[in-house]
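For reference, the structure discussed in these notes is given below.
Coordinate-derived values only; no laboratory data. Worth saying up front: this structure is predicted, and the values here are computed from it rather than measured. We place every Cβ from the backbone using ideal geometry, glycine too, and count neighbours over all the protein chains shown.
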Amino acid sequence: MQRQATLLRVFTSLFTILLLQSAAPAAAPGTQPATDWVRLPASKWPQLVLTNEASFQGHSPLQGASAFLMRMPDGEIVVGTAKHLIKKPGGVDPPIALPDLDGVLTSWRVFPRTVKDHAIAAKGVDERTNGEVLHDWLLLRISGAPAKLPSTPLIPRSDPVRVGETVYLVGVPYSDRSSAQNVYKGVVTARPKDNYFTYEFAPPVHIAGFSGAPIVDEKGLLVGHGVSMSPELKQKDGLEIEFGGEDASLALELWKHRNDGPTTKPADAIHLTLPEGWTPKTSKSAKVLQFAEYPPLIAYFELVAEPKADFSDETDLMRWASLVKANAAKSATLTDRAETELKAGSIGGRKTVEYEIAGEIKGVKLRYRIVMLEANGCFCKVSCWTTPRHWNDAQPKFEEIVRRLR
């Protein structure tokens, strides 16, 4: 269970990016007007895609991939790109955490790939940094007031793109040194995860360098940036005909909440005084707030928590519990594992969501009771376990822990 707690936040990102999909700050779905240029042949479209050149203190530089400009609802123009570019996939080593970017950034320029002199500078993060593992957007403020922009700012669409819609991926492969941009027409094929869609396009192309590339709809509205969350992409003759995108509507939410205060720190917000008979233990994980043993019953519990502000306004206790349960199954070390479905309930008048797990570790049979609840702006997970022999006697002890959680 210690390993599960350690990986809780990491594996949350694999269940994609549930962050901040609340009310749209722009127009209602389907009502945003089309751009003027979208009626032109794609070869006549204005410059939309840019590339990156950035340097950092104590980290290797970033050079390449894709970016673009986007006009936010209040008129502010920001640089949009993929956040994974400030980590090893973008050649940046050691990786940079989003909340640390402003402190290490020394220079960030974006420009058309064939016109390096037509550049503008970005100076820092312009989005909410809470819960960065849940998304791959990077929004940067523009430095100063440039007299001329290197590309036409795109208007983010307020509603997610739908399966069957026509989209256009705008990018340039590294192999094409003479083009400022190319346009690849495609159709959305699936929405396998929240805030993420896949699409197939033509003509085939090797998409190295397309991370952070803009994707627009038939109105010319920005529907996402290029990113793949799939282990394999469809190919034809060794070139890709499939890619993914992260919703622009999510970027709007990140930007809308950019000035929110810091999230609650679970270690400061969650308090628990151990009942008599429990012995504190030391956990190897910094994520574990408390770990203790009740020796007479060979019973243990472990407490972890996450700030509610790291999730969307629509993420309630049951939805968070579903994430936790799915993530725990991915990192399970038990053999002969069996688990129950989630069940809403209450302990001491407090709403809970629970499930149970049974299995073996090195031949020892164990039973777990996972209790999830809300406290002081956090989602809390209390993992309780003992042997089947002591299971019934341990339940009042486990529930006393939950009652004392403040």
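Quick rundown of the values:
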read-out: Mean separation of Cα contacts under 8 Å, 6 or more apart, over the residue count of region 266-404: relative contact order %; value: 26 percent
read-out: Amide proton proximity set for His206, modelled H, under 5 Å, gap of 5+; value: Glu240
read-out: Relative contact order (%) - the chain, alpha-carbon pairs under 8 angstrom, separation at least six; value: 16 percent
read-out: Furthest towards positive pole of dipole, Ser178, Ala292, His206, structure part the chain, Cβ charges; value: Ala292
read-out: Signed unit charges on C-beta, dipole axis of region 21-256, positive-most listed residue Ile86, Met229, Ala122; value: Ala122
read-out: Sequence-distant lysines (8 or more away, or on other chains) whose Cα lies within less than 21 Å of Lys219; value: Lys44, Lys185
read-out: Estimated vicinal HN-Hα couplings, Hz - region 202-213 in sequence order (Karplus 6.51, -1.76, 1.60; Gly, Pro = x); value: 8, x, x, 7, 7, 8, 4, x, 8, 4, x, 6
read-out: Vicinal HN-Hα couplings computed from phi for region 225-230 (Karplus, 6.51 cos²θ - 1.76 cosθ + 1.60; Hz; Gly/Pro x); value: 10, x, 7, 10, 10, 10
read-out: The chain - mean residue ellipticity at 222 nm from DSSP helices (-39,500 (n - 2.57) per run, n ≥ 4, rounded to 500); value: -3500 deg cm²/dmol
read-out: For Ala299, distant residues with modelled amide H under 5 Å away; value: Tyr294
read-out: Given [x] 1.04; [y] 1.19; [z] 0.98, the label whose value is Rg/Rh (Cα atoms, Kirkwood Rh) derived from this model; value: [x]
read-out: Centre separation in Å (Cα based) which lies between region 62-118 and region 141-210; value: 15 Å
read-out: Proximal lysines relative to Lys83, as straight alpha-carbon distance under 20 Å, when same-chain residues fewer than 8 apart are discounted; value: Lys123, Lys193, Lys256
read-out: For the chain, built as a Gaussian network whose Cα springs stay under 10 Å, the top-fluctuating residue of Lys148, Lys88, Lys351; value: Lys148
read-out: Pairwise label distance in nanometres, Ser107 with Asn392, each label 7 Å out on the Cα-Cβ vector; value: 7.4 nm
read-out: Net charge of neighbours whose Cβ lies under 10 Å from the Cβ of Phe243, counting Lys and Arg as +1 and Asp and Glu as -1; value: -2
read-out: When each of Lys116/Lys236; Lys265/Lys351; Lys148/Lys234 is checked by Cα-Cα distance, pairs over 27 Å; value: Lys116/Lys236; Lys148/Lys234
read-out: Using θ = phi - 60° and Karplus 6.51 cos²θ - 1.76 cosθ + 1.60, couplings along region 343-353 (whole Hz; Gly, Pro as x); value: 9, 6, x, 7, 9, x, x, 9, 5, 9, 10
